[in-house]
Each structure stands twice: as structure tokens, then as C-alpha cells.
1. How many Å² of accessible area per residue for the chain, probe 1.4 Å?
2. Enumerate the whole-percent occupancy of each 5 Å bin, from 0 to the last occupied one, for all C-alpha pair distances of the chain.
3. Measure out, as a whole number of angstrom, how far apart the alpha-carbon centroids of region 106-123 and region 160-183 sit.
4. Quick check: at a probe of 1.4 Å, how many percent of the accessible area of the chain sits on carbon and sulfur atoms?
5. So for region 106-224, averaging the separation of alpha carbon pairs under 8 Å that are six or more residues apart and normalising by length, what relative contact order in percent results?
6. Using only the Cα atoms, work out Rg/Rh for region 26-108, with Rh taken as the Kirkwood radius, to two decimals.
7. With springs connecting C-alpha atoms under 10 Å apart, model the chain as a Gaussian network and identify which of Gly15, Gly86, Gly51 has the largest mean-square fluctuation.
8. Tell me the Kirkwood hydrodynamic radius of region 1-53 in angstroms, computed as one over the mean inverse distance between distinct C-alpha pairs.
Amino acid sequence: MNGSGVRLVLLGKPGAGKGTQAALLSAHYGVEHLSTGDVFRAAVAQGTPTGLEVKAYLDTGELVPDEIVIRVVDEHFAAGGPLEDGFILDGFPRTLVQAEELEQVLVDHPLDLVLNIEVPTEHVLDRIAGRRACVNCGATYHLTKRPHVDWTCDVCGGDVVQRDDDTADAVAHRLEVYAAQTVPIIDFYEKLGKLASVDGVGDGSEVQERLVKEIDGRFHPGRT
Ligand SMILES: [Zn+2]
């Protein structure tokens, strides 16, 4: 395990491949992959007081407020494990307030690096607008990577459709929200000297190589 204990944040537009890269890096470095969704689900499943608050927001489809998101993440870390052993955050922090609060949560275990996966807007529009998902199990496909039989899920036989939040209009809106919220976060980490930007165009393994090079270059100087 060459980067054991590394503490990372992944940033990138919707459709930039953050989730895929977080999973690959998590396996590569042997550290926990923490998506906001996972942390929310764990808190709800454990029925903690904060978990119940999260559930109330998720049930109504409302955005969980910053203050509660921070609290869930803080409680997750306090429960032990990833602070010492390392982690990759994916989908968090999402706002400048969350980024500032995260620095407080991690005051004794600071982030090592924040990786910004850069892809052109047209690229993510193509990627997301072509995306299709199984209504039953959530397996994802693409216009260029279809199920074997019509639009029937290879995994479970369910219908494969375009999700409402993957339409061109919905994606354009998500990109606007992303730009408004994330540009300040990128500036924040740049000022802290923790930001590295990586070209996110290419297949998953090419992008992973660039990320690993960036991470290892920072923590293992002279390694090849
Ligand atoms: Zn399915």
C-alpha cells in the first residue's frame, strides 16, 4: 500500500467521473471512499439523532443544510477509522461553508490534497445526456454502451431509461449550480496550497494514472 493513510478530496463537474475515480483510488491506496450519499445512508441506518434529521430532509427531497451535512461527516469521523487510516471524499465539500468547516473537523488530521478533475463542459453534456439507467437496480448504460437486448437491463431485466436529472436542461442547471458553488471552493484550496488540477479527459485508467502521479509526486518525491 504505497499511499497508506492519504486524505483526499475529489472535485469535478457532474459527469467528470468523480465516483469512478474515487472507487479506483480507494482500491489503489486501500483507503475508505466516502461519498456524501454513503455517509447519509449510514447515519440514517444507525438511527442517530443527526441521522433522523437527515432522513427528514431526504424524505421530502430537500437539500440537507450545510450545518447538518458537516455534523454527519464530523460524527462519521468521530466514530473512528478513516481519520487515521485515510479517506477519499467524493461529493463533499459542496459549498465554501462546508469546505471551511471541514478544515475545523480535520484540524488534527489535515487534508493532504484536493484533486480537481477538469473536463470541458461539452464533454460532460455528451456523457450525461447519453446516460441511461435501470429503473429497477440503477445499473448505468450509455447510448454508446447499450444493454445487450434493446433497453432491458443486463443485470436484472428492468427497463433502462433516461433519468429526469440527466436530461440536457437538468444537466445545464446542475452545471450552473456547480460553477457557482465550486469555483469558490477551488480558490479556497488553492490559497491553502492543497489544490492539484488533473485533466479528466480519457478513459478511466488514463485519468487514474494522472491522479496517482499527482498524489505520489506530492507524497513520495523521487518515486517513479
Ligand atoms: Zn437492472
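1. Details: 11680 Å² over 224 residues.
For the chain, the per-residue accessible area is 52 Å².
2. 1, 6, 13, 16, 19, 18, 14, 9, 3, 1, 0
3. Here the two parts' Cα centres lie 20 Å apart.
4. Numbers: 6120 of 11680 Å².
About 52 percent, which is the carbon plus sulfur part of the accessible surface.
5. 31
6. Numbers: Rg = 12.6 Å, Rh = 13.1 Å.
So for region 26-108, dividing Rg by the Kirkwood Rh gives 0.96.
7. Greatest mean-square fluctuation among the candidates belongs to Gly51.
8. On the way: mean 1/r = 0.0793 Å⁻¹.
The answer is 12.6 Å.
The values are calculated or read from the model by the stated rules, or taken from the named source; none is laboratory data. The model shown is predicted, which means the values in this text are computed figures rather than measured ones. Note: ideal-geometry Cβ built from the backbone for every residue, glycine included; neighbour counts use all protein chains shown. Ligands, DNA and RNA are stripped out before the accessible areas are found, and what is left, the full protein with its side chains, is counted by its heavy atoms. Shrake-Rupley method; radii C 1.70, N 1.55, O 1.52, S 1.80 Å.
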